Amino acid sequence: MTYKDKKLYRLLTIIFSFVIILTACTPKSTEPVIVEQDDFVLGTVGKIRVYAENDKAGNAAIEKAYARIVAIENTMSTAIEGSDVYHINKNAGEAAVEVKDDTLSVIKKAIDYKELTNDVFNIAIGRLIELWGIGKDWQKVPTEEEILDAKNHVDITQVEIKGNNVMLRDPDMLIDLGGIAKGYAVDEAARVLRENGITSAFVNMGGDVYALGSKPDGTPWNVGIQDPEVGSSGIIAKVGLSDESIVTSGDYERYFIENGVRYHHIIDPETGAPTRNELVSVTILSKKSVDGDVLSTAVFIMGLEEGIRFIEGMEGIEAVLVTKDKKMYATSGAMDRVEILDPEYQLQK
């Protein structure tokens, strides 16, 4: 090899080594992967979808999110023996029960919402819920006397809170966090995903949905509003979401039929019976799913006109209401966000 060849060889070796060093120092450009897990929690089929660096990271974050949801369910369910709510109800009129911070926070928020909604949202209607038994083995239409008796035990001022101790002074009262705990669990699941490095995710717990961030391409998550016609699984409209919750409540979700009449699960505390008005579903858009959970129920009970007025007066909350005649009504901030997919439904301007 001549001197000139050796010099060229050394130069090429240096250049090649430099390229290797640069390549080693440059982070790999990889597309995030989609990781999904379904699980039966909170009495429904839950779905969590995340965009993660890899399958391992995605699955680990999802498993932690589900673990948080299960912990909340085990604390706030009325049906799980050993839960805080189970013990509160079991000791009604007898003793105070020390509860976890989660339970205390949710109970306090529920009490605040009862005042805000003018008594429409009330966690103290457990006696009425048990009386109707919708979705349970004993579901039936109770007598007027039974309803009147149960209504005598829904006074939330009988809930006494001292520190972390909660007591029902009325021995015949039952509380039920079913109208708020699911939303709280969804928010907590989203928080856990964030803390584990997930910036783009979709959490759906049976109609309580939180869209974490946007999709990796920067577009929002498109979430459908379910067709409220009984037996339908279609979608009538969609809304784009980023770092936002959407919760829908409707009379099609849980019900039973007796003597040709359908009785759904959204009970009006004033009448003690399933709500009867022009609405079939209410969808709430909010920053927190816990707010959407409460307000979708409350607005459904309020009815169309009162419900629209109520939400218009709230900061950062929007609503889409569907009536029995297949008309859709939206609050001012939601009007331009709703895209109708089913021509049978008309958005009223």
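Below are the figures for this structure:
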quantity: Under-5 Å amide H pairs with Leu212, H placed in peptide plane, nonlocal only; calculated: Ala201, Phe202, Val203, Asp243
quantity: Sites matching GluC sites (Glu not before Pro) across segment 309-339 that sit in DSSP coil, with at most 12 neighbouring C-beta atoms within 10 Å; calculated: Glu315
quantity: Likely footprinting exposure, Asp268, Asp84, Asp101, fewest C-beta neighbours within 10 Å first; calculated: Asp101, Asp268, Asp84
quantity: Helix-only CD estimate at 222 nm, as mean residue ellipticity for the chain, using -39500 (n - 2.57) per DSSP H run (n ≥ 4); calculated: -11000 deg cm²/dmol
quantity: Convex hull (Cα only) mean projected area of the chain, reported in nm² to one decimal; calculated: 24.9
quantity: Principal-axis tilt of helix 3-25 within the chain, Cα atoms, nearest 10 degrees; calculated: 10
quantity: Full-stretch length increase - Val261, Arg309 - with 0.36 nm per residue and alpha-carbon distance subtracted; calculated: 14.3 nm
quantity: Asp55-Ile80 FRET efficiency (beta carbon distance; Förster radius 25 Å; 0.05 resolution); calculated: 0.20
quantity: Under the Karplus curve 6.51 cos²θ - 1.76 cosθ + 1.60, θ = phi - 60°, whole-Hz ³J(HN,Hα) for segment 195-208, x wherever Gly or Pro sits; calculated: 5, 9, x, 8, 10, 9, 7, 9, 10, 10, 10, x, x, 9
quantity: Cross-link table Lys100/Lys288; Lys136/Lys349; Lys114/Lys140; Lys151/Lys287; Lys136/Lys287; Lys90/Lys136, entries beyond 31 Å C-alpha to C-alpha; calculated: Lys136/Lys349; Lys151/Lys287; Lys136/Lys287
quantity: Phi-based couplings in Hz for segment 122-133 (Karplus 6.51, -1.76, 1.60; Gly and Pro marked x); calculated: 8, 6, 8, 8, x, 4, 5, 4, 5, 4, 6, x
quantity: Long-range amide H partners of Gly46 with built H, under 5 Å; calculated: Asp39, Phe40, Val41
quantity: Contour excess over end-to-end distance, with Cα ends at Lys287 and Asp149 and 0.36 nm allotted per residue; calculated: 45.8 nm
quantity: Phi to ³J(HN,Hα) by Karplus 6.51 cos²θ - 1.76 cosθ + 1.60 over segment 174-180, Hz, x for Gly, Pro; calculated: 10, 9, 9, 9, x, x, 9
quantity: Over segment 230-278: Kirkwood hydrodynamic radius from C-alpha pairwise inverse distances, Å; calculated: 13.4
quantity: Sequence-distant residues sharing a close amide H with Ile266 (under 5 Å, placed H); calculated: Thr275
quantity: Distance (nanometres) between label positions extended 7 Å along Cα→Cβ at Lys327 and Glu94; calculated: 5.3
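Every read-out reported here was derived from the displayed coordinates using simple, explicitly stated rules and does not represent laboratory data. Just so you know, these numbers come straight off a predicted model, no measurement behind them. Cβ coordinates were reconstructed from backbone atoms using ideal geometry, including for glycine residues, and neighbour counts include every protein chain displayed.
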